[in-house]
4 protein chains.
Amino acid sequence: MESMSLSEPFWKTAISKVEPNKILIHGYNLMDLIGKYSYADLTYLLWRGELPSEGQSRMMDALLTVCLEHSLNAPSVDATIFVASSGVPLQTAVSAGVAAIGDWHGGAIEQAAKMLQDGVAEMKDGKLSEQEIAEKILMERKERKERIAGYGHPTHTHDPRTRKLLEIATETHIAGAHSKLAEKVEALTEKVFRRHLILNVDGAIAAIISDMGFDWRIGKGFFIVSRTPGLIAHAYEQMYESRPYKAASWKEIVYTGKAERSPPTV
Amino acid sequence: MESMSLSEPFWKTAISKVEPNKILIHGYNLMDLIGKYSYADLTYLLWRGELPSEGQSRMMDALLTVCLEHSLNAPSVDATIFVASSGVPLQTAVSAGVAAIGDWHGGAIEQAAKMLQDGVAEMKDGKLSEQEIAEKILMERKERKERIAGYGHPTHTHDPRTRKLLEIATETHIAGAHSKLAEKVEALTEKVFRRHLILNVDGAIAAIISDMGFDWRIGKGFFIVSRTPGLIAHAYEQMYESRPYKAASWKEIVYTGKAERSPPTV
Amino acid sequence: MESMSLSEPFWKTAISKVEPNKILIHGYNLMDLIGKYSYADLTYLLWRGELPSEGQSRMMDALLTVCLEHSLNAPSVDATIFVASSGVPLQTAVSAGVAAIGDWHGGAIEQAAKMLQDGVAEMKDGKLSEQEIAEKILMERKERKERIAGYGHPTHTHDPRTRKLLEIATETHIAGAHSKLAEKVEALTEKVFRRHLILNVDGAIAAIISDMGFDWRIGKGFFIVSRTPGLIAHAYEQMYESRPYKAASWKEIVYTGKAERSPPTV
Amino acid sequence: MESMSLSEPFWKTAISKVEPNKILIHGYNLMDLIGKYSYADLTYLLWRGELPSEGQSRMMDALLTVCLEHSLNAPSVDATIFVASSGVPLQTAVSAGVAAIGDWHGGAIEQAAKMLQDGVAEMKDGKLSEQEIAEKILMERKERKERIAGYGHPTHTHDPRTRKLLEIATETHIAGAHSKLAEKVEALTEKVFRRHLILNVDGAIAAIISDMGFDWRIGKGFFIVSRTPGLIAHAYEQMYESRPYKAASWKEIVYTGKAERSPPTV
């Protein structure tokens, strides 16, 4: 626990400025942007401080739509519908879904982006080739018995979203060293782990946002924005088109704990 | 508390279908949409079941960008930065901000949309004119001493976002009976309340989504999606560019409770 | 949206006062209380401003333990485990469970307490007897086709928690007009609805906290405090004794939406 | 992302068993416990699987009351009041406060408990003395320029809660190797860091729960349970005794970002 410095103002931000009848985002008047720039463009502006080029704009839209929806086959959506079933406002249910975008669910974007950014930085030092970096990444995780963030998927045997993103990254000339390294790592998984681990959508997003120059620590932001409209759709469906109070039935819950017993007589 | 019907499947949805290597949203393969349709288009698809027309697409983008950011001058952003300061992952802080999109903060969209949809439905019955409906809306709330959802603003004396949205609604031929009624209500506020209450951004969104045929109960969804990139930007700024552990200083907290006293001796 | 009055201090509370090396709660030094008063006692102090009597203390402990745990047969617990499975800190998962303590899950405490407090207030006016108030409560809800908050249960045919709480309320001489009215309403359910609706644990808590003089709007607080240790236990079990990434399997999700189709060719 | 094993049941728990009219917690019927055991006792049961001894019971109550309340001088409470001000149900505001119990706010309990448990384990190996372990702990963190979890406080110059807890731990004969090591570390802070860092309440809780045999990973659970009644009190005060829509005023927000500019003309 550490206190705020007393010399700095309590309320401070570099993102935007509000005064009566005017809202500036990174210096631009929001009114000059609405209707001309897309949601993806303005998300880019918010996170980077500048408006995107045409290619970056197209790439942002793809990055923010690729994880829109994955049915109930996702912890965030399942958390959302249980909360939505309990009699709460829409935003409360969505909030619980956002909270579930954790290290094993969307969070691989950050870990994979860090891994790729570290790898490319090491390549630039010039001592190791792409092949050597990719092998090193895999061997280190094999030794530590860690999973490789951004690779493998429980449902998809190849992740169609990965190919789609990499196609657009190539068309927009955004694909660069990080995307190449990501594909090299995939190619070597079989050699190191004796089974092919696909580059999944988290890994593809990680590679592309790294090629775009994003800090890896904003990685989960892409998943959050992308999944939010889906969480809203599921919350709405649960609240207004389903029965309330959704819970596991006591008949289906397997109890593996202590047998019935009496408390000590005092 | 009421149980689920045993005859219906526990996991059920009409929104999307996932199977290995395929994701369908309302029947469309997500891979056929990415790169062709914008984030705003696909949000429309998720919530309405169909792809938008060109005008609807443009309107959606405006609706989803208009509340992107309002600096620290919003409960959702303030909640986000306190949570972000406590040492949590990005999504946890964003989740708290989403939870704060309550009835007094974005929630007016739903209440205003319901008010306008009820009003227009009553007009269609043909017994009351637009003027009469608008007066009735205002008089009822005056009698009940209720605020009028979607009107008035604590910071802006006219809300620039309102004019921008209504302009685009006119250009795209979306503006209809609900937008007209919303403006009529604004025009009469001075007569009924003796002070002009501006149609604020919540009220403008409410009017336009009503003209687009949205259920009023999805209203908060527009605010949630619009504000999320801003919440992420503020969470990131607090986590990585500010000092941790942000809290009100004990020196500035005014205590208005009971004076110091001793517990009873037992 | 309404702004704070500029004349009142931004940070203000009547609950407690912190200064270096001293924490006062409603005037008492926390250091004088720890070790002498129980958690239930101090919760009473926090919410009421005074320390409880011996009977109130015993009743508080019963009220705060009665909803401790209900296995996975509750939306709050299910929401907790999905969030916990996604790779987040303990408190994030617990937070999602707390968010699910909505109107259909614990929330009946507030609605039932309001119903009983209104009923007893009406009795005190002297125009209607307890029997008449109870009938009126049931008839009004029957006409509006509303459920009766605090009555009926999806799993239990009689709620053992109800009897236990009412026993202790009698022993501690706390049971009064609200508890009596709650039982009268239960006794009449069969006459009005043609089936017996049991007074459930929410209804029993509602009656007793009303007899203790609590505002009905703090009702959910009892459920939140009571359930939190259970949410923590389930979050821990999911995080450290189960497999990560819990989600509904795509094979078990029934899709009821639109058939596969192609987007329009533009 | 990793899927659940298909062979294990989807809904499974060792904590409790619910069937109609019966709730077992770790084998005990909840109805046999209510009224006999305190909230602190049953929290112990939930987390450890057994009922506490008399000393453990007293210690639990102290551990769960010591962090009840810290006025608005805490990120969790501040987050709670902003969310509460936005027009949401009570539990939504409390949920946001729980989410803010992060690594810098209560979270030090877990880190400190791990540090002490590792230290005591190393002492038991017999190679290093308590003094040497304490020095090693401090030197390692000094070299890594890390703070020492559980030491120092932004408001209190000595944390009165620490002494109170250690007193009760001594009286109940719970204080053991972890508490001794915690105090030894405090005693050496001045030597290593040239300023005295007090053992704060997080550190004291960490030491005592370690002496009680708790896994360090349940550490935040103590803070969550302890703070929840306070969060509820603050949410209630904000919702029902304060003005709605609490937000930083635009006049007090210091903007440090880009100067006003125009978007590129296309």
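Structural remarks
- Label-to-label distance for A:H173 and B:A14 is 4.7 nm, based on points extended 7 Å past Cα in the beta-carbon direction.
- Net charge in the neighbourhood of D:Y28 (other residues with Cβ under 14 Å of its Cβ; Lys, Arg +1, Asp, Glu -1) is +2.
- Peptide D:154-167, shielding by other chains (average Cβ, 10 Å cutoff): 4
- Once the Cα gyration tensor of region D:37-87 is diagonalised, semi-axes √(5λ) in Å: 31, 13, 7
- Computed over protein heavy atoms with a 1.4 angstrom probe, the accessible surface ordering of B:K142, D:K246, largest first, is B:K142, D:K246.
- Distant-in-sequence amide contacts of D:E19, defined by a placed amide H-H separation under 5 Å and a gap of 5 or more residues or a different chain, comprise D:L24.
- Put simply, the Cα atoms of chain D extend 72, 62, 46 Å along their principal axes, the longest span coming first.
- Loop-resident sites, region C:151-211, for trypsin sites (Lys or Arg not before Pro), counting at most 13 other Cβ within 10 Å (DSSP): C:R194, C:R195
- Cβ neighbours within 10 Å from other chains - mean over D:42-50: 5
- Approximating the spin labels as points 7 Å out from Cα along Cα→Cβ, the B:Y240-to-A:E146 distance works out to 1.8 nm.
- Gaussian network model of chain D, springs between alpha carbon atoms under 10 Å - residue of D:E186, D:E241, D:E135 with greatest fluctuation: D:E241
- Cα point-scatterer Debye curve for region A:174-266, base-10 log of I(q)/I(0) at q = 0.16, 0.17, 0.21, 0.25 Å⁻¹: -0.85, -0.88, -1.03, -1.22
- Using a 1.4 angstrom probe on protein heavy atoms only, the contact between B and A buries about 7900 square angstrom of accessible area, both sides summed.
- Entry note, the protein assembly as shown: the mean residue ellipticity at 222 nm calculated from DSSP H runs of n ≥ 4, each adding -39500 (n - 2.57), is -16500 deg cm²/dmol after division by the residues and rounding to the nearest 500.
- Solvent-free Debye scattering, log10 I(q)/I(0), computed from the Cα coordinates of region C:1-79 at q = 0.13, 0.25, 0.26 Å⁻¹: -0.65, -1.11, -1.17
- Protein accessible area in the protein assembly as shown, 1.4 Å probe - carbon and sulfur %: 49
- For region C:66-115, a Kirkwood radius taken over Cα pairs fed into Stokes-Einstein (10 °C, viscosity 1.306 mPa s) yields D = 137 µm²/s.
- When only the Cβ of Lys, Arg, Asp and Glu is charged (+1, +1, -1, -1), the dipole of region B:23-162 relative to its Cα centre reaches about 180 debye.
- Shortest-first distances to equivalent copies, position B:S129, nm, label 7 Å out along Cβ: 5.7, 8.4, 9.8
- Percentage relative contact order, chain D, counting C-alpha pairs under 8 Å, at least six apart: 25
- Centre separation in Å (Cα based) which lies between region D:1-71 and region D:91-166: 25
- Net charge of the neighbourhood of D:P89, taken over other residues with C-beta under 13 Å away and scored Lys/Arg +1, Asp/Glu -1, is -1.
- For region B:10-82, the set of GluC sites (Glu not before Pro) satisfying both a DSSP loop assignment and a count of at most 15 other C-beta atoms within 10 Å is given as B:E50.
- DSSP-defined beta bridges in chain C - what % are antiparallel, rounded to 5: 90
- Average projection, convex hull of the Cα set of region C:125-182: 5.3 square nanometres.
- Taking each of B:K220/C:K114; A:K12/D:K251; B:K36/C:K258 in turn, the alpha-carbon distance tops 19 angstrom for B:K220/C:K114; B:K36/C:K258.
- DSSP-defined antiparallel bridges as percent of all bridges, the protein assembly as shown, nearest 5: 65
- Accessible area of C:H196 in the full protein assembly, 1.4 Å probe (Å², nearest 10): 90
- Cα pair distances exceeding 18 angstrom across region A:41-146, given as percent: 68
- Here C:T256 and D:K124 are evaluated by their C-beta separation; at R0 = 60 Å the FRET efficiency comes out at 0.50.
- Between the amide H of C:L199 and those of C:G152, distances stay under 5 Å, these residues lying 5 or more places away or on another chain, with hydrogens modeled in the peptide plane.
- Placing a label point 7 Å from the Cα of C:A187 along the Cα-to-Cβ direction, the distances to the matching points in the other copies come to 6.3, 6.9, 8.3 nm, shortest first.
- Cα pair count fraction exceeding 26 Å, expressed as % - region D:99-240: 23
- Counting only Cα atoms, the size of the protein assembly as shown along its three principal axes is 83, 80, 59 Å, in decreasing order.
The values are calculated or read from the model by the stated rules, or taken from the named source; none is laboratory data. Note that the coordinates shown come from a computational prediction; the quantities given were computed from them, not determined experimentally. Virtual Cβ from ideal backbone geometry, glycine too; neighbours counted across all protein chains shown. Areas reflect the complete protein model, heavy atoms only, side chains present, ligands, DNA and RNA absent. Shrake-Rupley method; radii C 1.70, N 1.55, O 1.52, S 1.80 Å.
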